[in-house]
Amino acid sequence: MTPTYQARQLHVATTAFVALFSIVGVALYGLPFFYDFMVRDFGWTRREVTSGNAYSKLIIGPLFGFLAGWMVDRFGPRLLMIGGILMAGLALIGLGALGAPGTGLSLAPTLAAFYVFYLFNALGYVCGGPLPNQVLLSRWFDRARGKAMGFAYLGIGIGGAIVPLLAAALTARLGWHIALQLLGALIIVFSLPFALFVRDNPDTDAEGQTSGHGPAAVHGHTTGGGANTRTTAPSAAPLTLNHVLRHWTFPLLLVGSMCSIGAVGGTMQNLKLLLTIDKGLSQSEAAALLSLVLGSSIAGRLSWAGSQIAGPRNTSCCSSTSSWPPRSR
């Protein structure tokens, strides 16, 4: 593997880390920090503010899930990531403008506007979140793919751990409207430059084929030269979508992902409301607990360890413990 190829792989892994840090860690897990302010200032109910996430997922998931997958295959992950980063950042800026005081950017605080911006936030997640990043990493990494995925997904845990503390500090100084808008701007400023200059695919002719580490090395190509020449075994034929959907492991992955994401997402959507409104905790105390909860996920995101230790059983264990302990009555 040449130094140039290693540098490009590092850029790819860093891009995925930053994108997941911003779109999932900040945009997805950071937005619920502001729910109690909306309930207090706009008179909305908890159901109304938490339904933004539910409605957007129910609409965006079925309508754009397969479309986003097709676009990744057709145009590559880079363009989709750029669009996702812009939509997620602008969505937070728009949500922060709802009912904002002063002469700056301000919009009428209506539920319709809230749900529209939340739809864009969900679109940002689909277009710039795990889907294109997984495709990008799988194109650039073969032998170290698990480590690359684990590193990239650390961005979610680190971003989720930082954003409550950052949001609390910004809110205390500037108010929650400006704090939310600054987080949206941070998403764009921080992650967009990485996505703009990342490559969709390695240069297989110049790098992947000669190094033996790119995707071309797994299709029966000759690697190296002279006495070190070796030929890898040809890979199996590419799987079709029909084959994947009919394989017995697919429904297990589907249900496991649904339960895991549902448990974590449902908890984070309601936890800030519980801590501040029901339990009477201060904003700084609630932020510290939110940071602790999301920060504890960092260990579980070290997926290269999980992939070596009974992968499916490890996944089942993590999915089960994500809903423990039970809610106090």
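Rounded to a whole number, what is D in µm²/s for segment 40-172 from Stokes-Einstein with the Kirkwood radius over alpha-carbon pairs (20 °C, 1.002 mPa s)? Could the numbers behind the result be given before it?
Details: Rh = 16.6 Å.
Rounded, D is 129 µm²/s.
If I model a spin label at Ala172 and Ser282 as a point 7 Å from the Cα along the Cα→Cβ vector, what separation in nanometres do I get?
0.7
Sort 57-68, 108-119 by the packing proxy (mean of other Cβ within 10 Å over each peptide's residues), most packed first. Walk me through the numbers on the way to the answer.
Numbers: 57-68: 14.8, 108-119: 16.4.
Highest to lowest by the protection proxy: 108-119, 57-68.
What lysines sit close enough to Lys57 to cross-link, taking a C-alpha to C-alpha distance under 25 Å and skipping anything fewer than 8 places away on the same chain?
Partners within reach: Lys272.
Enumerate by residue number the trypsin sites (Lys or Arg not before Pro) in segment 70-158 meeting two conditions: DSSP loop (anything except H, G, I, E, B), and at most 16 other Cβ atoms within 10 Å of the site's Cβ.
For trypsin sites (Lys or Arg not before Pro) across segment 70-158 that sit outside H, G, I, E and B with at most 16 neighbouring Cβ atoms in 10 Å, the list reads Arg143.
Quick check: Cα centre of segment 129-193 to Cα centre of segment 50-115, how many Å?
16
Could you put Phe21, Phe250, Phe194 in order, starting from the residue whose Cβ has the fewest other Cβ atoms within 10 Å? Don't skip to the end; give the middle numbers.
Numbers: Phe21 25, Phe250 12, Phe194 19.
Going from sparsest to densest Cβ surroundings: Phe250, Phe194, Phe21.
Order the peptides 172-178, 241-247, 257-263, 126-132 from the highest to the lowest mean number of other Cβ atoms within 10 Å of their residues.
Numbers: 172-178: 16.3, 241-247: 10.1, 257-263: 14.1, 126-132: 25.1.
So the order, starting with the most tightly packed, is 126-132, 172-178, 257-263, 241-247.
Bear in mind that the values in this text are calculations on the coordinates, not laboratory data. Model, not experiment: these values are computed from the prediction. For neighbour counting, all protein chains shown are included, and Cβ atoms are generated from backbone atoms with ideal geometry for every residue, glycine included.
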